[in-house]
Amino acid sequence: MRYIAILWRLCLLFAVANAQGNAVDGCPKNEVACHDVMNGSQCLAQIVNDNNPPISAQALAKCVQHEGTASNLTGSTKLCRCPGCHTPAINAAISKYFPAPCS
């Protein structure tokens, strides 16, 4: 009986993992600039979720524009090209401060 319960839990775990894998996230993974946006997630989350420093286009852009990034685009262009790479709150802030069309 114990093994049946374990097997049932594993099946449920695989079903949930598969369902999550099919989710559409809207993040263009083939865009090099989006890797910088994803790598800046901790900085973006601190600004958006904690409002520290206050949310501004300059503060958000600074999170993805620094030495050693994958793309040489400006921070604002990176964020504009990658609007769906984060949580709904961060994506909303990016869409608000960096609306399409991108420069």
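The values are calculated or read from the model by the stated rules, or taken from the named source; none is laboratory data. Note that this is a predicted model, so its numbers are computed, not measured. Cβ coordinates were reconstructed from backbone atoms using ideal geometry, including for glycine residues, and neighbour counts include every protein chain displayed.
Go through region 48-73 and report how many residues are hydrophobic (A, V, I, L, M, F, W, C), part of a helix (DSSP H, G or I) and free of Cβ contacts under 8 Å to residues at least 40 places away in the same chain. Walk me through it before giving the result.
Initial filter on region 48-73 (hydrophobic (A, V, I, L, M, F, W, C)): 48, 55, 57, 59-61, 63-64, 70, 73.
Going one step further and asking which of them are part of a helix (DSSP H, G or I), we end up with 48, 57, 59-61, 63-64.
Next, from what is left, pick out any that are free of Cβ contacts under 8 Å to residues at least 40 places away in the same chain: 59-61, 63-64.
Looking only at that region, the number is 5.
Has region 50-61 got any residue that is under 15 Å from the mean Cα position of the chain (by Cα) and β-branched (V, I, T)?
no
Please enumerate the residues belonging to region 1-47 that are assigned to a helix (DSSP H, G or I), modelled with pLDDT of 65 or more and of a type in the set (D, E, K, R).
Result: R2, D36.
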